[in-house]
Number of protein chains: 6
Amino acid sequence: MKLSDRFGRVLAIAPHPDDEILGCGGTLARLVDEGADVTIAVATTGRQPIFPREQVEQVQQEMRRAHAIIGVTDTRMLDLPAAELDAIPARECNAPFAQLVDDVRPDTLLLPFVGDIHLDHQYTFLASMVAARPRHSNAPCDILCYETVSETNWYAAPTTPAFVPNVFIDIQSTLERKLEAFGAFASQVRPFPEERSPETLRAMAAVRGSAVHLHAAEAFMHVRSILRA
Amino acid sequence: MKLSDRFGRVLAIAPHPDDEILGCGGTLARLVDEGADVTIAVATTGRQPIFPREQVEQVQQEMRRAHAIIGVTDTRMLDLPAAELDAIPARECNAPFAQLVDDVRPDTLLLPFVGDIHLDHQYTFLASMVAARPRHSNAPCDILCYETVSETNWYAAPTTPAFVPNVFIDIQSTLERKLEAFGAFASQVRPFPEERSPETLRAMAAVRGSAVHLHAAEAFMHVRSILRA
Amino acid sequence: MKLSDRFGRVLAIAPHPDDEILGCGGTLARLVDEGADVTIAVATTGRQPIFPREQVEQVQQEMRRAHAIIGVTDTRMLDLPAAELDAIPARECNAPFAQLVDDVRPDTLLLPFVGDIHLDHQYTFLASMVAARPRHSNAPCDILCYETVSETNWYAAPTTPAFVPNVFIDIQSTLERKLEAFGAFASQVRPFPEERSPETLRAMAAVRGSAVHLHAAEAFMHVRSILRA
Amino acid sequence: MKLSDRFGRVLAIAPHPDDEILGCGGTLARLVDEGADVTIAVATTGRQPIFPREQVEQVQQEMRRAHAIIGVTDTRMLDLPAAELDAIPARECNAPFAQLVDDVRPDTLLLPFVGDIHLDHQYTFLASMVAARPRHSNAPCDILCYETVSETNWYAAPTTPAFVPNVFIDIQSTLERKLEAFGAFASQVRPFPEERSPETLRAMAAVRGSAVHLHAAEAFMHVRSILRA
Amino acid sequence: MKLSDRFGRVLAIAPHPDDEILGCGGTLARLVDEGADVTIAVATTGRQPIFPREQVEQVQQEMRRAHAIIGVTDTRMLDLPAAELDAIPARECNAPFAQLVDDVRPDTLLLPFVGDIHLDHQYTFLASMVAARPRHSNAPCDILCYETVSETNWYAAPTTPAFVPNVFIDIQSTLERKLEAFGAFASQVRPFPEERSPETLRAMAAVRGSAVHLHAAEAFMHVRSILRA
Amino acid sequence: MKLSDRFGRVLAIAPHPDDEILGCGGTLARLVDEGADVTIAVATTGRQPIFPREQVEQVQQEMRRAHAIIGVTDTRMLDLPAAELDAIPARECNAPFAQLVDDVRPDTLLLPFVGDIHLDHQYTFLASMVAARPRHSNAPCDILCYETVSETNWYAAPTTPAFVPNVFIDIQSTLERKLEAFGAFASQVRPFPEERSPETLRAMAAVRGSAVHLHAAEAFMHVRSILRA
């Protein structure tokens, strides 16, 4: 069965540009190849003076190129302040997520993991879950969390929430494109053994894949499924 | 999207006859209605002198009638001894489950919950998971645990594993048939407020359903998904 | 044994009006019937412009009528800003809870669940626990969390804290009054299959009840008991 | 309020003689002082050749003396084989526990902890929970687990179930009798810093007590409460 | 093996003065005795008007005296506002912790527990973990959480993170000095059965010690170890 | 600091030959290189007719060669029956582990993970923990669990115990030898994408390593540390 048949309309939400590539770039590319409707939403944008203007613009350019490589043509910026989601009231933070989910009406939601060490990730997760509350029959059917190297393993699991992968998606056909898309983030790529390196991403795909007899996979943690009539 | 498209070939495994109806009878009926291949396997059979012959035969007749009501035509008996799975070596217990999964080659596996108080449920779960190990590309894609009233809530959660429902399947179209199938187990039906009563099953469907804005649902706990190319 | 003998003086704290009815309205009514001292405290009040004045006034009227139906005569408003508890400093948030607990000196505290998706619920729980710290011999003896349909099941359990009910209180004698009290919240009642509907509350009472052989029950999650001499 | 009013008829189940004193000896003595009906059941008895006859007889004598010190006059021996509960079929293991609970009809059940390292403790817990299933209106109302020094802290928590105390019972008036009763087990008392020493029991009472502003307490982990009309 | 050989350069971080003595005073004294490099950092300082100037100055004097008793000569004040860490943006909160860890370059980090009820403890933990992210080869090798009486046991474990001790450090040789150092905090010492009393600390040392056959120990919860070449 | 200084005398226990190489072969090789005392104990041996004699002998030869490559010269066989640990009484199963730990007197114990799907792994863990109970001052100081590809990820985490790595050991200098040692098990090596393949082991080393800025690491889950004077 095609992944796109199962997932329907897909919305991947990233706290910052590149999280969506690290976490589910291969899956998104596979969905695009299968003809699925895919939207990427980026929750935050760097603001001066914390983030210099040129740096922000560079990352945005890199992101556009990465999304082009993946084949995603619908990218939305929520423009919340990067590294400051904890500092704005939840009501203000939640509003653009609610608007986003109302606009996109995704069947499947791909989110950062609630136990990531970065508060932006935790608040992105919470705001997305609030937006996805199953209060009506259009709420998303499937919600999954992706893993983000350098955020997901650096908190204090299992005392803080542990990422325990239980959904594995074959990305053998798109792994190279994922790596190419990540490579587009010249400002973010780091030399191995930093986690944000192509070597780690490739090794991770092999580890997640072979856990379930696949050559390459991205792993997710299941949150909720609603299988309507 | 049709549930049968998502689930493919389905195998529901019950420790004892009626667990499969209590836990996922509405889902199985919906799958049958959609034309899916559905197999029910019952792990144990009562043995004399613990279980009198007439009682065992009665339950088997009730089961056949219940499966007919649900519309399942492929029922398999593993014929392990009821209430004694803890007392046989794991190797012997595992073998018929391995054979079963090899024969049926299910895409989706519906299992009792590992935290149920009854050891037969716990060992059925373990043996099924051993049989479903993802060692080759035919291992089941989706594994879910159903809840069994009077077993799932009677251990010591959250110190023992807690059933936390996170997959909800709409059974509005088949709830009445589920109740009818359960009614076929005349020897097992109990008057409310016992849990094994039609009133509880109906209320549970409303509770599980309305949690996600459905009129009636069965709830499951997700174990593992492998989404192959 | 009478519930009121076990619970002594009872304080139920609700983040917003109606949470206390949804979560423990039947229990409170039973306690009132037994002659117990029962206080309800509502943590927040809607503020303009987020909440229009008429709406706030309507909800307050509904609340007063609901409490009258339950028979609770001591209702206290902490008047913190609704939907904004995350945005005020913890010190300011904690103060009225500390004052409340000092004033009421409850033996039993009924709280919203820490894993509810709404931050107001999470902060109400935390502030109440801070107020109930067992630093002296008057600290509350029993602390329980109630479940609130449409908040308790909508986060990401079991990765976020899971509500696993382990205290069941018989409300057969007061279920109808609970439903009537909830009906008083005309602005909050929703048609089934929304969770905030009489049908869901009635079904939930049957499910929670029959789990322990009762006709109707409210379920709680135990937090702490101190059984002094 | 008197503890005996809350607990009603009490049944404490010990895997081996002395577990009940280590875990809840002070609580049992307090209940006896208040006039409660208290029964102690000991699940296992040492069998030759694993346990020499004289040793078994000595322990039984010590136990009788300890129970006399506590003031418990109803002691029941289930006479299952010590250190071998894992090796007998669950059905055989469960039967005497079911009979026991049917005979005693306890309101409150005090059990060893499911995460203790000793399998006899784990199986005693499971068999007791099976016996206490809430299938009728006489099932026990309150179930608590006590902690047993040298068993409860020696497994692999939090990966295996962790004893997290959340019920604290004041034993200031009976701590000395608990220590005296433990002292009666001359064959079991060990010199500090072994855990089975009077110094550890006394220190534990101070630690568990002062956590909730009591001079001395025994701590328990809550399992289930049913508060009937 | 000497503890100082295993721990290398040690940094203990306290939310408020005295937490480090309560949690790991005996361990720090032992490390000093062995000649280790030990730094204590105190995250917050009381600010007017919440904390009167004299009170703050008294606590600081007490702290200096306590550190002198322990033998720690390197004390650093991050001077964040006490009881207000939740109210400042994470970025501002994190910065001094990052600076601290960069300056001290500790091999071992001793932190308050993430599940403590006081938000200052939770935010100190998070900010320290952010500062200790293993992004380069100088990140701390060992991270442990200590327990703080009157904070660690007063939240809602196991629903909130439970302190489950799994690292036990022998402090028999320094227990008296730990008690003396705590005694230096005249403004903080409370009479037993308050937890912040010498009796509780002494009893806790015996309980934590005898759990692993030591006369006196401090217990920690392990977070992360990196054992480099 | 040298790993061997921290770990002292090391005992790695494997349920079956090759588990110790998969889980901690690189760590053992590093310890040998540093001059540490290292013992490997293999819990089970295949028995006819389940395991043909030639197969058993081949595996034993492979094992001896693998241990020679790692440099371990002290290998001990407990000779319990493979795939049957669940079927022998715990007392019989525990005895050789107790004898082993008494003989070797390890400072550090490396064990399979309690949540592995294979019951032999679970029982090996339990029997080892019983043998390592801290009843005297010679009990092991450090206990860690290693991960075994094809066992550790195939149960039902996080409902069953989840392997959450929190100890990372640099094996850059010995990774090739680990792979060579695994290659010695010609009968066990499988082609990628099976997990028991050199590709997976190499990728796993990169993933576990780069999580903490190492080129290659083995990951463990911490169980207990006792840091004596």
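Any read-out appearing in this document is the output of simple, stated calculations on the displayed coordinates, not a laboratory observation. Treat the numbers as computed from the prediction; the structure is a model and nothing was measured. Here the Cβ is made from the backbone with ideal geometry for all residues, glycine too, and neighbour counts use every protein chain on show.
3J(HN,Hα) couplings calculated from phi for the range C:57-73 with the Karplus curve 6.51 cos²θ - 1.76 cosθ + 1.60 (θ = phi - 60°) are, in sequence order, 5, 4, 4, 5, 4, 4, 4, 4, 5, 4, 5, 5, 4, 5, x, 8, 10 Hz; Gly and Pro show x.
For the range F:3-225, relative contact order (Cα pairs under 8 Å, six or more residues apart, normalised by length) works out to 24 percent. Remark: label point of residue F:64 defined 7 Å out from Cα along the Cα-Cβ vector; separations to the same position in other copies 6.0, 6.0, 6.9, 7.1, 9.2 nm, ascending. Based on C-alpha pairs under 8 angstrom that are at least 6 apart in sequence, the range A:136-206 has a relative contact order of 23 percent.
Output the Kirkwood hydrodynamic radius of the protein assembly as shown, Cα pairs only, in Å rounded to one decimal.
Across the protein assembly as shown, the inverse of the average 1/r is 32.1 Å.
Inter-chain neighbour count for E:132-145: the average number of beta-carbon atoms from partner chains within 10 Å of each residue's beta-carbon is 4. Each label point was placed 7 Å from the Cα along the Cα-to-Cβ direction; for residue C:137 and residue F:99 their separation is 5.8 nm. Sorted shortest first, the separations between the residue A:92 label point and its copies elsewhere in the assembly read 1.4, 1.4, 6.9, 7.1, 7.1 nm; each point sits 7 Å from Cα along the Cα-to-Cβ line. At q = 0.12, 0.17, 0.23 Å⁻¹ the log10 of I(q)/I(0) for the range D:36-148 amounts to -0.44, -0.90, -1.49, computed by Debye summation with a single uniform scatterer per C-alpha, solvent ignored.
Computed from the Cα positions only, the extents of the range F:105-192 along the three principal axes stand at 45, 34, 25 Å, in decreasing order.
Simple spin-label estimate for residue C:53 and residue D:92 gives 8.0 nm between the two label positions (7 Å along the Cα-to-Cβ direction from each Cα). Note on the range E:1-142: dipole from Cβ charges, positive end direction compared against E:60, E:131, E:78; the farthest Cα belongs to E:131. Where the centre of each part is set by its Cα atoms, how far does the range D:165-229 sit from the range A:170-203, in angstrom? For the range D:165-229 versus the range A:170-203, the Cα centre distance is 56 Å.
The charge dipole of the protein assembly as shown, taken about the Cα centre with unit charges on the Cβ atoms of Lys, Arg (+1) and Asp, Glu (-1), comes to about 0 debye, rounded to the nearest 20. Distances between copies of residue A:79, taken at a point 7 Å out from Cα along the Cα→Cβ vector and listed shortest first: 3.8, 3.8, 7.2, 7.7, 8.3 nm. Between residue E:77 and residue D:2, the simple label model (points 7 Å from Cα in the Cβ direction) yields a spacing of 5.7 nm.
Ellipsoid semi-axes for chain C, based on the Cα gyration tensor and the rule √(5λ), read 23, 22, 18 Å when sorted largest first.
With K and R counted +1 and D and E -1, the other residues having a Cβ less than 9 Å from that of residue F:80 yield a net charge of -4. Simple point charges give the picture: +1 on the Cβ of Lys and Arg, -1 on the Cβ of Asp and Glu, and for the range B:150-223 a dipole about the Cα centre of about 20 debye. When the C-alpha to C-alpha distance is required to be over 31 Å, the pairs from D:2/D:178; E:2/E:178; F:2/F:178; D:2/E:178; B:2/B:178 that qualify are D:2/E:178. Each Lys or Arg adds one and each Asp or Glu takes one away; over the other residues whose Cβ falls under 15 Å from the Cβ of residue A:160, this sums to -2.
Taking the Cα centre of the range A:28-93 as reference, the dipole from Cβ charges on Lys and Arg (+1) and Asp and Glu (-1) amounts to some 100 debye.
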